[in-house]
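J.: Have a look at the structure that comes next, please.
The values are calculated or read from the model by the stated rules, or taken from the named source; none is laboratory data. This is a predicted model, so every value here is computed, not measured. Because the Cβ atoms are built from the backbone with ideal geometry, glycine has one as well, and the counts that use them run over all protein chains shown. Quick note on the areas: whole protein, heavy atoms, side chains included, nothing else; ligands and nucleic acids left out. Shrake-Rupley method; radii C 1.70, N 1.55, O 1.52, S 1.80 Å.
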Amino acid sequence: MELQEKISVPIFTDVDKEVFLRDIYPQRRPAVLRGVDLGPCLKKWTTEYLCEKGGDKKVQIHVSTVPQMDFLHKNFAYKTLPFREFVKRASEKTHSDFFLCEDESYYLRSLGEDVRKEPADLSKQFPDLAADFHIPEFFGPDQFFSSVFRISSCDLQLWTHYDVMDNLLAQVTGTKRVVLYSPQDALHLYLSGDKSEVLDIDSPDLKRFPEFVKARRFECVLEPGDLLFIPALWFHNTLALQSGVGVNVFWRHLPTDSYDKKDPYGNKDPVAATRALQALERALHTLDELPADYRDFYGRRMIQRIQKRTYCDSQSRNITEEQDSERTPACSQFTKPG
């Protein structure tokens, strides 16, 4: 199989708010931040401690007979368990108590109290654990959107998708591989909404997805205590190399009214983008009134106008990459090889 171009996500150390905003954030590219103070959670959040603090609080979880969960085709079931029982099962390879099979996989993504209206907030859903986790103060408090508590079984892999807000993925326990794809490679990812149809990114079906090999693959492995900066619109796919706990912190980096107010998950397209996509659908329906050769001609003209107005062409992309490489020495005091 022809392999994708693979690029290691750079690792930065000694990062504070000033360094983040000056050297990392403006690049709009993923970065691993190592050594940021996440609080006592790194030592405290053992399986026993989590069971004690979470107690019998009911949590809704994803359960699947296979470790590769697919949101598009829903190859998992939603189940409810007491938190302590869920944590116990998620830490096991095989289960004496199970829903579907003895080696089923588990995944928790915390939800708001009213799942249709409220974003997840660690301080509200798990107040006894929230004090252990220090949210990095890399953005203003008024920009905060959500803090999502996550626990997954070993080998659990989540579907490739993008979010519309910037976020920091904190790996608290266990290790996790993260593969990312640039927004500029969206046309190679076979999108259905905000998700890629390519479920197996390591052994993709190239007869169905021949363009997938053109997407550049950015990759890193997160150790306990690592933070991964994932800029908005960057696609990401996670694989738990060990059973582990993480926290995602999302914040609004665009003006507040840019976002859909009825979006507790933070993954609906910005309001202006939604309007533009709806207008495009109307335009395409209008073209249907024309004969096929006219649809082809005016469709191509529409594509050309979109490219001129919106695309970052290959020349500007190459310039950006050259500028990035030139900037690397200036950041070398913070960077270790990936």
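J.: Residues being at pLDDT 95 or above and basic (K, R): count how many of those fall in the range 89-108.
T.: 1
J.: Could you list all residues from the range 219-240 that are out of contact with any helix residue (DSSP H, G or I) (no Cβ under 9 Å at 6 or more places or on another chain), in a strand (DSSP E or B) and open to solvent by less than 10 Å² (accessible area, probe 1.4 Å)?
T.: So the first thing to find is which residues in the range 219-240 are out of contact with any helix residue (DSSP H, G or I) (no Cβ under 9 Å at 6 or more places or on another chain), and the list is 219-223, 226-228, 230, 236-240.
Then drop every residue that is not in a strand (DSSP E or B), which leaves 219-222, 227-228, 230, 236-240.
Correct list: L222, L227, L228, I230, N237, A240.
J.: Which of the residues belonging to the range 102-125 are over 19 Å from the mean Cα position of the chain (by Cα) and within 30 Å of D14 (Cβ to Cβ)?
T.: Once the filter is applied, which keeps residues that are over 19 Å from the mean Cα position of the chain (by Cα) and within 30 Å of D14 (Cβ to Cβ), the range 102-125 yields only S123.
J.: Okay, moving on. I need the full set of residues from the range 267-312 which are in a loop (DSSP other than H, G, I, E, B) and either closer than 28 Å to T160 by Cα or among the hydroxyl-bearing types (S, T, Y) (or both), in order please.
T.: N267, K268, D269, P270, Y311, C312
J.: Give the residues of the range 190-218 that are out of contact with any Lys or Arg (no Cβ under 9 Å at 6 or more places or on another chain), open to solvent by less than 50 Å² (accessible area, probe 1.4 Å) and within 15 Å of I7 (Cα to Cα), sorted by residue number.
T.: The answer is V213, A215.
J.: Just checking, does the range 249-257 include any residue being part of a loop (DSSP other than H, G, I, E, B), open to solvent by less than 20 Å² (accessible area, probe 1.4 Å) and not acidic (D, E)?
T.: no
J.: Could I ask something else about it? With D155, D132 as the choices, which residue is modelled with pLDDT of 95 or more, part of a loop (DSSP other than H, G, I, E, B) and either over 18 Å from G39 (Cβ atoms) or touching a strand residue (DSSP E or B) at 6+ places or on another chain (Cβ under 8 Å) (or both)? Give the steps one after another, and end with the answer.
T.: On the way: D132 fails: either over 18 Å from G39 (Cβ atoms) or touching a strand residue (DSSP E or B) at 6+ places or on another chain (Cβ under 8 Å) (or both).
When all the criteria are applied, what remains is D155.
J.: Which numbered condition in (1) more than 29 Å from Y181 (Cβ to Cβ); (2) touching a Phe, Trp or Tyr at 6+ places or on another chain (Cβ under 6 Å) is the only one that S91 fails?
T.: Every listed condition holds for S91 apart from (2).
J.: State which residue is farthest from W251 (Cα to Cα) when the search covers only the range 126-149 and only residues that are under 18 Å from the mean Cα position of the chain (by Cα) and open to solvent by 40 Å² or more (accessible area, probe 1.4 Å).
T.: I135
J.: Go through the range 25-118 and tell me which strands (runs of 3 or more DSSP E), entirely inside it, have 2 or more residues that are touching a residue at least 60 places away in the same chain (Cβ under 8 Å), buried (at least 20 other Cβ atoms within 10 Å of the Cβ) and not charged (D, E, K, R).
T.: Values: elements: 31-34, 58-64, 77-82, 105-109.
Qualifying strands (runs of 3 or more DSSP E): 31-34.
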